[in-house]
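Please read the structure below before turning to the comments.
Any read-out appearing in this document is the output of simple, stated calculations on the displayed coordinates, not a laboratory observation. The structure displayed is predicted, hence computed values, not measured ones. Every residue, glycine among them, receives a Cβ derived from its backbone with ideal geometry; neighbour counts consider all protein chains shown.
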Amino acid sequence: MKIVVQLVEKVYQEAHLEIPDGLTEETIRQVITDRYNSGEMTPDLNIFQVDFESISATIVHNQDSFNVEEEAA
């Protein structure tokens, strides 16, 4: 029997950053985006919480398939 499982998770990560005082909201967003895109922020990110958004399985048996889906509470 072959089973294909797909799992979608929501992963909440939290980072504590030091940035200069006096920046505008737009500049703060750009600093955060630049640090994230460069990978500089990756060591600061800690997994804070993981929630399952959905899980589904497809059972493949003799060329037929059967889908089972469950939404997280």
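Table for the structure above
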quantity	calculated
Positions within region 1-60 being within 20 Å of the chain's Cα centre (by Cα) and part of a helix (DSSP H, G or I), in sequence order	29, 32, 33, 34, 35, 36, 37, 38, 42, 43, 44
Answer residue from region 10-41, given it is in contact (Cβ under 8 Å) with a residue 24 or more places away in the chain and farther than 30 Å from residue 55 by Cα and is surrounded by the most Cβ atoms within 10 Å (Cβ to Cβ) among those	17
